[in-house]
Amino acid sequence: MRKQRLTRRESLLQCAALGSLRVAPWLGLTDAVSALEAQERDGTRKPTQWNEIGPFYKRLAPKNPKLREPNDPGLPITVRGSIFDTRGETLAGATIEVWQADHFGHYDLDGYRYRASLSSDAAGKYSFDSVMPGHYPARVCQHIHYLVTAPGHKPLITQLYFATDPVFEGDPDRNYSREPLVMSRELVRPVTLSGDPKAIHANVNFELVLGRL
Ligand SMILES: [Fe+2]
């Protein structure tokens, strides 16, 4: 007898049971599956939350994804992600400008250290290598600034935050609003450590969604 096809919800729950779908603990499986179903139903994604540009942006940053130089102090970090439009389609050729403080919380205002202007590839992906930004007195949290532009889309100014920031005390779900500029939990991203104990390396994924003009 032919087996009845699973509903979308059942198939997602089956994926979760067998380990091919994983859900961050703070989301909860049923809530996350419901949200995913809703998103698939209407086929749209919300533009990424705006976050202010701050005083340290500089135009014409180098197109070099290696912001970190050998022996730079600080935890090495690789940030990867994709650029999407609100229909969930990836955007190739988007410009992703990033800038951040160094390990000690200093911005390079004379030159272009820890600044880059990148492009998303044919699959809409981008990545760069840097160090975990330091804290600095004017701001509560570690962060990396983003300005993302793509033809036919609204420019997006936002910031990436890190779930491991000591300010969140291990519970960004509860404590993300300790940073007054973080109005959306989605901007606080989980951190995955790799490498070996003598050369630990942080990895963060940050996907961005641009609204259409
Ligand atoms: Fe900043």
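The values are calculated or read from the model by the stated rules, or taken from the named source; none is laboratory data. Source: prediction; values computed, not measured. Here the Cβ positions follow ideal geometry from the backbone for every residue, glycine too, while neighbour counts run over all protein chains shown. With ligands, DNA and RNA removed, areas are computed over all heavy atoms of the protein, side chains included. Shrake-Rupley method; radii C 1.70, N 1.55, O 1.52, S 1.80 Å.
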Within segment 64-77, the residues that are part of a strand (DSSP E or B), open to solvent by 10 Å² or more (accessible area, probe 1.4 Å) and within 18 Å of residue 117 (Cα to Cα) are 66
I need the full set of residues from segment 114-125 which are within 16 Å of the ligand (Cβ to nearest atom) and either surrounded by fewer than 16 Cβ atoms within 10 Å (Cβ to Cβ) or on the phi > 0 side of the Ramachandran plot (or both), in order please.
114
Selection count where residues are touching a residue at least 12 places away in the same chain (Cβ under 8 Å) and open to solvent by 60 Å² or more (accessible area, probe 1.4 Å), scope segment 50-63
5
Filter segment 54-101 for residues that are more than 16 Å from the chain's Cα centre (by Cα) and either among the polar types (S, T, N, Q) or within 16 Å of the ligand (Cβ to nearest atom) (or both) and give the result.
54, 55, 56, 57, 58, 61, 64, 67, 71, 74, 86, 101
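Among the residues that make up segment 158-175, is at least one of them in a strand (DSSP E or B), at pLDDT 95 or above, surrounded by fewer than 20 Cβ atoms within 10 Å (Cβ to Cβ) and among the polar types (S, T, N, Q)?
no
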Among residues of segment 29-57, those that are more than 25 Å from residue 86 (Cβ to Cβ) and at pLDDT below 90, counted:
2
Does segment 137-157 hold any residues that are within 16 Å of the ligand (Cβ to nearest atom), part of a loop (DSSP other than H, G, I, E, B) and open to solvent by 30 Å² or more (accessible area, probe 1.4 Å), and which are they?
137, 138, 139, 140
